[in-house]
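Visitor: Dumping the structure here so I can ask a few things about it.
FYI, it's all coordinate maths here, none of it is from the lab. Remember, it's a predicted structure, so these values are computed and weren't measured experimentally. No Cβ is skipped: glycine too gets one built from the backbone with ideal geometry, and neighbour counts run over all protein chains shown.
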């Protein structure tokens with residue numbers, strides 16, 4: 001699989017996970033995944049990996065400070 005692929009998102013917000021990832025993550029029959037909204041993009045990972053990934057990147061305090069900084073930008077504000 002190439003590093004970047006383009007996928008179509010339906011009008012209802014659905015998108016298919018590539019077959020290679022479904023096989024690798026044992027999701028041939030379907031199942032949950034973790035989705036991280038990074039503000040500039042969305043990252044899809046095997047279920048259970050999202051929290052670990054974030055924990056490796058930022059401490060809880062660093063993450064809270066980052067989220068608080070988004071409140072000044074209405075396009076990026078989160079709840």
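Visitor: Normalising by the residue count of the chain, find the relative contact order in percent from Cα pairs under 8 Å and 6+ residues apart.
Guide: 14 percent.
Visitor: Go ahead and collect, in residue order, the members of segment 13-27 whose backbone nitrogen is under 14 Å from a label point 7 Å along the Cα-Cβ direction of residue 47.
Guide: So the set is 25-27.
Visitor: Let me ask something else about it. Taking the inverse of the average 1/r across all pairs of different Cα atoms in the chain, what Kirkwood radius in Å do you get?
Guide: One over the average 1/r among Cα pairs gives 14.9 Å for the chain.
Visitor: Could you rank the peptides 7-18, 61-72, 46-57 by their average count of other C-beta atoms within 10 Å per residue, with the highest value first?
Guide: Details: 7-18: 8.8, 61-72: 10.9, 46-57: 12.4.
Averaged packing, sorted descending, gives the order 46-57, 61-72, 7-18.
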